[in-house]
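> Pasting a structure below so you can have a look.
Rule-based calculations on the coordinates, nothing more; no lab input. What you are looking at is a predicted structure, and each value in this text was computed from that prediction instead of being measured. Reconstructed Cβ throughout: ideal geometry from the backbone, glycine too, with neighbour counts over all protein chains shown.
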Amino acid sequence: MQSFYVIFLIIHLFCAIIFVGYLFYDVVFVRIAKKVFLKNKIDANPFFEIIGSVISRFMPFVVLLLLVSGGILSSNYFKVESFGIMQILLLVKIILASLIVLLVIFSLSCYYIFKCKNPLGRFIHIIVLGIAIIIIVLAKLMFYI
């Protein structure tokens, strides 16, 4: 397992960069761009729909890789004889990541199964981005506390 740790760590980091980068792009840049397009009376909806369709094809794979690699990496830190603050922070990260998974499942269920609009609407990405930022901060604190 130790020989594969670095490989899973790199996979996990790249998937996290892609996932959080997309959320940041969607929450910050797309919202600003839509306001500019509306102000200038330009219909950019086809453009954003194309980007959304491309992203929706590979983002589930990225999230799956992120979760699997995170699970494999976290198994390295849970040992009965040494349970401390690092493991508590890791547990909090796992709970927050599970909340993101539940929000993703809820969102996809609304779209694909129930064929309705997500009641959380565009706020879901803001919520998930906030949770992801907390997870990133906890990831850095784990090794310094």
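> Based on this model, can you work out whether L91 counts as touching a helix residue (DSSP H, G or I) at 6+ places or on another chain (Cβ under 6 Å) and in a helix (DSSP H, G or I)?
No; evaluated as a whole, the condition is false for this residue.
> Give K41, K35 a once-over and let me know the one that is exposed (fewer than 11 other Cβ atoms within 10 Å of the Cβ), part of a loop (DSSP other than H, G, I, E, B) and not polar (S, T, N, Q).
When all the criteria are applied, what remains is K41.
> Separate question: If you take the residues of the range 68-103 that are among the β-branched types (V, I, T) and either within 17 Å of V128 (Cα to Cα) or free of Cβ contacts under 8 Å to residues at least 24 places away in the same chain (or both), which of them is surrounded by the most Cβ atoms within 10 Å (Cβ to Cβ)?
Taking the range 68-103 and keeping what is among the β-branched types (V, I, T), we get 68, 72, 80, 85, 88, 92, 94-95, 100-101.
Narrowing the set further to residues that are either within 17 Å of V128 (Cα to Cα) or free of Cβ contacts under 8 Å to residues at least 24 places away in the same chain (or both) leaves 68, 80, 88, 92, 94-95, 100-101.
Numbers: V68: 14, V80: 5, I88: 13, V92: 15, I94: 15, I95: 10, I100: 21, V101: 14.
Looking at residues that are among the β-branched types (V, I, T) and either within 17 Å of V128 (Cα to Cα) or free of Cβ contacts under 8 Å to residues at least 24 places away in the same chain (or both), I get I100.
> Which of the residues that make up the range 34-49 are closer than 18 Å to R122 by Cα and among the polar types (S, T, N, Q)?
Selection gives N45 alone.
> May I pose another question? I'm told C110 meets every condition in (1) in contact with a helix residue (DSSP H, G or I) (Cβ under 9 Å, 6 or more places away or on another chain); (2) surrounded by 13 or more Cβ atoms within 10 Å (Cβ to Cβ) except one. Can you identify the failing condition by its number?
(1)
> With the condition kept exactly as written, say whether any residue in the range 51-63 is more than 25 Å from I145 (Cα to Cα), more than 18 Å from the chain's Cα centre (by Cα) and basic (K, R).
Step one: of the range 51-63, the residues more than 25 Å from I145 (Cα to Cα) are 51-63.
Of the ones still in play, those that are also more than 18 Å from the chain's Cα centre (by Cα) are none.
No, the range 51-63 contains no residue that is more than 25 Å from I145 (Cα to Cα), more than 18 Å from the chain's Cα centre (by Cα) and basic (K, R).
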